Amino acid sequence: MTSLTDWSSSFLYASFIIYLIATVLFAATIKDKKREKQFTKLHVLALSTTIIGFISQLGYFVTRWIASGHIPVSNMFEFVTFFGMMLVLAFIILYAIYRIELLGLFALPIALLVIAYASMYPSELSPLVPSLKSHWLYIHVTTVALGEAILAVSFVAGIIYLIRQVDQSKSSAKTRWLEFIMYSLFATLAFIVVTTLFSALDYSVTFEHQPNDEVINLEYHLPPIFGPAGGEQVTENRMGALFDTPTWMHGAEAPRKWNTLVWSLLVGLIFYWIVRLILRKRVAASIQPFVNKANPELLDEVCYRSVAIGFPVFSLGGLIFASIWAQEAWNRYWGWDPKEVWALITFFFYAIFLHLRLSRGWHGEKSAWLAVVGFAIIMFNLIVVNLVLAGLHSYA
Amino acid sequence: MRSFKCDACGYENKEGTTICKKCGKPHDQAENSQLLNMRYDGTSIRSKTRNRSIIDKIWNFFSSVKVGVTLIAIALVASAIGTIYPQEMYIPQTVSPEAHYREQYGLMGQIYYQFGFHQLYGSWWYMVLIALIGMSIFIVSIDRGVPLYKALKYQNPKRHPNFLKRQKLFASYADYTKEDKKQLLSNLRKYRYKIIEKDGHFLAEKGRFSRWGPYVNHCGLIIFLIGTLLRFVPFMYIDDFVWVREGETKVIPSTEQTYYIENEEFIFETYGDDEEDQKFAEILAQQNAPIAKHFETSATIYRDISDDITGSEPELEEVKSGNIIVNQPLKINRLALYQDSYQLNEFQSMSFKLHESGDDAEESIVQFTVDLTNPSREYTFDNGFRIKLDQYYPDYELDDGEPRSKTNYPRNPGFVFFVYPPETEQPEISFLAIGHNIDPTQENDYKLGLTGFDVRDVSGLKIRKDLTLPILGVGAFIFMIGLIQGMYWQHRRIWLHPTDNKLWMAGHTNKNWFGLNKEIEKIIKHTNFTMPQDQEEKQHE
Ligand code: HEM
């Protein structure tokens, strides 16, 4: 069995590298300015590389499934990885329809970020508790992930649209928001870099604190900028905490999560400023020349179509299949658990998106901003709800 | 209602119509180059034309998409607020909610509690909000659905030139042959367009049914919402709970004493027992407690077939037997039994023996067993000894020095025994519990000792009946049908219009213009026709 798990991680690693190569290839197709609107060998190469990467990741998925005996979507590592895989699939589908290379240049790096982010979580095979043992686990989780991934493509199209269309000649609220989105990507990258770095250094420091009635040992893997309030350092020869975690962060693990968040935001800021100093321009403004050739109307169409395609898939998986399963497992189809509520919020949000577009003519820029917000909601549900608003669905 | 005459064809149009129903002449005075608003093909909409009575005003309020979207946005924000702190049903039952929110979350928690956000989703205003959304969906569907039906039912292939020139896709061809036109029509048919003709004018149309998508999905939503309301009708919904011990037969609550359940065995497995679970070794090693792998109740359901006289002994007839597993409820007669919780190793019986206090060998004088669910009060023996169970605490604890029972379940039994040696009236008193054997007077000649016990598992079963489920299912199904119908198909129309020496072509789709363009590219293959102009793009240039 160990060999299968090894195979599985090799497949995942390989797919990561292949996606990286595919990104570069897609970048090359855009540089290739001579042959506009043509499907050249380079395009074929970029697309097939992506598909090979996807197949390799499918290999990861299948081998891990065989090794663990259940579908690998049962913890944070597995689910987020799967979401990354679905993102690639959603991109392939929409690329097949619209043939926009730029979509690949943006979607693949985001998928890479997602997969790298996933690998920061513990990746041991984990057992299933009885309530998760149901065919509905397979059906529900896979359709939700696919639906969310297709919806995420609308974010990709939206962000390209905004980079192309927002006037970069002067600073405005729009340029600042765009920079904020760029910064969020840098902060995610920072999280990955910092976590990887300190885990390579085997860094660890333990604190003893008393969040409730019990005394708990809390192990940090990043240097403690923020330690537990009233906590006592157990490990010696390590730098002590600089500040106390604010008390409105609740829960035994909250100080560590807060510390990690602060690290990611700070290092993200450093990354962002280094890049800006090198570019001497807003980040979005530096990308703008690369997306100039894109047809904004087509981008807008993709932004809408991916919602049109993804919304039914998400509704089916995130609400209907979810309810059927909840009825089987917990004898109530709806329990107002935070994860369920946030799925409903996602549903409401995209319903609003569609109505504003259809009946109030919110096209183009407005629609693109909405797609960005929609993606933020999906990410919120994926990450924050799992880690902070713990409920039944919490993987952490 | 004020109607008006079309100045091109003389047709009497209803007030509020923007495109003549008969000939298609746009009635606005906009320039010819401006794109035509094709919503409902210009048919008059009630909410846009009438605004006099109070009913009109209410109607218009609910059929405004602006209002509908605002309502959904409010529901969205409210729902999000409800997830900031756990809802009341997820907090521990042992403390009062008010204290819990204050202690756990401070001032913010207190405010949260005061505003009732701790039970937000059951609050009257949240339900009113959802009901308003339902009302809005209902009214808007009639408001727009009727005009849409009229517009799509009656379509004249022969349209006014201004109607065609103001479509997004438009072309005017001078060079074409009869063959070209024939080929074009045959291509249209090949792509499954339905073609109608009038005086050499053609309308090719496909995917009209997709226009009903939103109405079908709204209809599904309304059915769903009605289903959720029906839950408040008493007989539609049962939510009950029962604990059943192994070997025990109990009446199933909420069945008017007709159904009984016997727990034959409760099976409980954890990870790590099996060879196969080795693959999870890393995770299992990190856990303090074993992780449950599987649990189920092997149960038999009985029906009471005795005459319905109160107090008569039930006469049980087996109805069904099977296993109740998590994710696999056992169903009888619309009632479903769900494996919910369990209590492992609850005491079933305890055995004691009596010996002389000073006897180090503890040689037994009498022995007896107490059935903990239904204990006898007195035990008599042939050798003249008599033991009375004076007090029994199933779940013993000391509360300010006073013994009491925390629950009625035998989880930690405590006993006060009166021992009557032969021919005595004055008992010796003994107190026994796990880890306690107390002789309050310190003068007892005889001592009781625990010799053994039996345990068994208790299974917690949820009893559910929910007759609203089929309605919800139907609603959800219709909703999905409508969604797919409206989102994965589009309504495409192409008009062909001969003028003196030219042929005009105009195209319209309710969405996915990219797809329509691609299709027209294929449709004009093998003809001399060129791609129509996208007039919107032209305006941008
Ligand atoms: C959460 C509840 C709702 C859902 C899920 C929903 C869903 C939808 C969907 C999927 C469409 C088709 C959109 C498209 O084709 O792009 C649609 C259309 C529409 N909806 Fe809703 N809707 C909801 C509530 C409402 C409300 C409250 C109103 C009231 C104003 C409304 C009014 C409309 C209108 C006017 C259309 C266009 C119909 C047409 O094109 O003929 N919807 N709805």
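Roughly how much accessible area, to the nearest 100 Å², goes out of reach of solvent when B and A pair up, both sides summed, probe 1.4 Å?
5100
Normalised radius of gyration for the stretch B:348-454, please: alpha carbon Rg relative to 2.2 N^0.38 Å, two decimal places.
Relative to the 2.2 N^0.38 Å estimate, the stretch B:348-454 comes out at 1.04.
I'd like the orientation of helix B:469-488 relative to chain B: the angle between its Cα long axis and the longest Cα principal axis, in ° from 0 to 90, rounded to 10.
30
Where the centroid of each part is defined by its Cα atoms, how far is the stretch B:84-109 from the stretch B:126-148 in Å?
36
If you average the sequence gap of Cα pairs under 8 Å that are 6 or more apart and divide by the length of chain B, what percent do you get for the contact order?
Details: 950 pairs, mean separation 98.8, N = 541.
That works out to 18 percent.
Net charge near A:PHE77, counting Lys/Arg +1 and Asp/Glu -1 over other residues with Cβ under 11 Å of its Cβ?
-1
Quick one: among A:PRO255, A:PRO130, A:PRO312, which has the greatest mean-square fluctuation in a GNM of chain A with alpha-carbon springs under 10 angstrom?
Of A:PRO255, A:PRO130, A:PRO312, the Gaussian network model singles out A:PRO130 as fluctuating most.
So, counting K/R as plus one and D/E as minus one, what does the shell of residues with Cβ under 12 Å around A:ARG164 add up to?
On the way: positive: A:LYS293; negative: A:ASP167, A:GLU297, A:ASP300, A:GLU365.
Counting the neighbours of A:ARG164, the net charge comes to -3.
Hey, if we sort B:LEU35, A:LEU20 by accessible area with the 1.4 Å probe, largest down, what's the order? Display every interim value, and only then the final one.
Details: B:LEU35 45, A:LEU20 80 Å².
Ranked list, largest accessible area first: A:LEU20, B:LEU35.
Other chains near B:82-88: what is the mean number of their Cβ atoms within 10 Å of each residue's Cβ?
The per-residue average across the peptide is 5.
Based on a Kirkwood Rh over C-alpha pairs, give the Stokes-Einstein translational diffusion coefficient of chain A at 10 °C and viscosity 1.306 mPa s in µm²/s. Walk me through the numbers before you get to the answer.
Numbers: Rh = 22.5 Å.
Answer from the Stokes-Einstein relation: 71 µm²/s.
Kindly express, to the nearest 10 degrees and within the range 0 to 90, the angle between helix A:2-31's C-alpha long axis and the longest C-alpha principal axis of chain A.
30
Restricting the count to DSSP beta bridges whose residues both fall in the protein assembly as shown, what percent are antiparallel, rounded to a multiple of 5?
Among the beta bridges of the protein assembly as shown, antiparallel pairing accounts for roughly 95 percent.
To check you understand DSSP bridge types, tell me what percent of the beta bridges within the stretch B:219-299 (both residues inside) are antiparallel, rounded to 5.
Approximately 90 percent, going by the DSSP bridge assignments.
Can you work out the FRET efficiency for the pair A:LEU261 and A:THR40, with r the C-beta to C-beta distance and R0 = 41 Å, to the nearest 0.05?
Plugging the Cβ-Cβ distance into 1/(1 + (r/R0)^6) gives 0.40.
Taking beta carbons within 10 Å but only from partner chains, what does the mean come to for residues A:325-338?
Neighbouring Cβ atoms belonging to other protein chains average 6 per residue here.
Return the Cα extents of the stretch A:1-148 along principal axes one, two and three, sorted largest first, each rounded to a whole Å.
Taking the Cα atoms of the stretch A:1-148, the three principal extents are 58, 29, 21 Å.
Give a quick list of chymotrypsin sites (Phe, Trp or Tyr not before Pro) in the stretch B:379-469 that DSSP marks as loop, anything other than H, G, I, E or B, with at most 14 other Cβ atoms within 10 Å.
Answer by residue number: B:PHE381.
What is the distance in Å between the Cα centroid of the stretch B:386-438 and that of the stretch B:490-528?
93
Determine the distance separating the Cα centre of the stretch B:256-288 from the Cα centre of the stretch A:61-84; give it in Å without decimals.
Here the two parts' Cα centres lie 23 Å apart.
Filter the trypsin sites (Lys or Arg not before Pro) in the stretch B:187-226 down to the DSSP loop ones having no more than 11 other Cβ atoms within 10 Å, then list what survives.
When the trypsin sites (Lys or Arg not before Pro) of the stretch B:187-226 are filtered for loop state and at most 11 Cβ neighbours within 10 Å, B:ARG192 remain.
How much mean residue ellipticity at 222 nm does chain B get from its helices, if each DSSP H run of length 4 or more adds -39500 (n - 2.57) and you divide by all residues, to the nearest 500 deg cm²/dmol?
-9000 deg cm²/dmol
Quick check for you: which residues of the stretch B:63-91 have the amide N under 20 Å from the point 7 Å beyond the Cα of A:LEU358 toward its beta carbon?
B:63-76
Can you give the FRET efficiency to the nearest 0.05 for B:THR94 and A:ALA376, using r as the Cβ-Cβ distance and R₀ = 51 Å?
Values: r = 38 Å, r/R0 = 0.74.
The computed FRET efficiency comes out at 0.85.
Roughly how crowded by other chains is peptide B:286-295, in terms of the mean Cβ count from those chains within 10 Å of each of its Cβ atoms?
Neighbouring Cβ atoms belonging to other protein chains average 2 per residue here.
So which residue, out of A:SER68, A:SER169, A:SER48, gets the largest mean-square fluctuation from a GNM of chain A using Cα contacts under 10 Å as springs?
A:SER169
Could you compute the FRET efficiency for B:GLN391 and B:VAL65, with r as their C-beta to C-beta distance and R0 at 56 Å, rounded to 0.05?
Using R0 = 56 Å, I get an efficiency of 0.20.
With N set to the number of residues, divide the alpha-carbon radius of gyration of the protein assembly as shown by 2.2 N^0.38 Å and report two decimals.
With N residues counted in the protein assembly as shown, Rg over 2.2 N^0.38 Å equals 1.21.
Choose one answer from A:THR81, A:THR29, A:THR50: the residue with the largest mean-square fluctuation in a GNM of chain A with alpha-carbon springs under 10 Å.
For chain A, modelled as a Gaussian network with Cα springs under 10 Å, the answer is A:THR29.
Beyond 29 Å between alpha-carbons counts as too far, so tell me which of B:LYS14/B:LYS502; B:LYS168/B:LYS190; B:LYS293/B:LYS462; B:LYS5/B:LYS206; A:LYS293/B:LYS194; A:LYS31/B:LYS206 fall in that bin.
B:LYS14/B:LYS502; B:LYS5/B:LYS206; A:LYS293/B:LYS194; A:LYS31/B:LYS206, as the Cα separations exceed 29 Å there.
State which entries of B:LYS21/B:LYS57; B:LYS250/B:LYS406; B:LYS150/B:LYS511 exceed 25 angstrom in Cα-Cα distance in the structure shown.
Working: B:LYS21/B:LYS57 27 Å; B:LYS250/B:LYS406 22 Å; B:LYS150/B:LYS511 20 Å.
Checking Cα-Cα distances, B:LYS21/B:LYS57 exceed 25 Å.
Obtain the radius of gyration and the Kirkwood radius of chain B from its C-alpha atoms and give Rg over Rh. Mind showing how you got there, number by number?
Working: Rg = 39.5 Å, Rh = 32.0 Å.
Dividing the radius of gyration by the Kirkwood radius yields 1.23.
Once you treat every alpha carbon in the stretch B:45-154 as an equal point and sum by Debye, what is log10 I(q)/I(0) at q = 0.20, 0.21 Å⁻¹?
The Cα Debye sum returns log10 ratios of -0.98, -1.04.
For the stretch B:87-176, which chymotrypsin sites (Phe, Trp or Tyr not before Pro) are in a loop by DSSP, counting at most 13 other Cβ atoms within 10 Å?
Filter output for the stretch B:87-176: B:PHE115, B:TYR154.
Could you check how much of the accessible area of the stretch B:45-154 is carbon and sulfur, as a whole percent, using a 1.4 Å probe?
Percent of accessible area from carbon and sulfur atoms in the stretch B:45-154: 69.
What angle do you read, to the nearest 10 degrees and between 0 and 90, between the alpha-carbon axis of helix A:296-314 and the longest principal axis of chain A?
That helix lies at roughly 50 degrees to the long axis.
The values are calculated or read from the model by the stated rules, or taken from the named source; none is laboratory data. In this text, all values refer to a predicted model and were calculated from it rather than measured experimentally. A quick note on method: Cβ atoms are made from the backbone with ideal geometry, for glycine too, and the neighbour counts reach across all protein chains shown. Note: areas computed on protein heavy atoms with side chains; ligands, DNA, RNA excluded. Shrake-Rupley method; radii C 1.70, N 1.55, O 1.52, S 1.80 Å.
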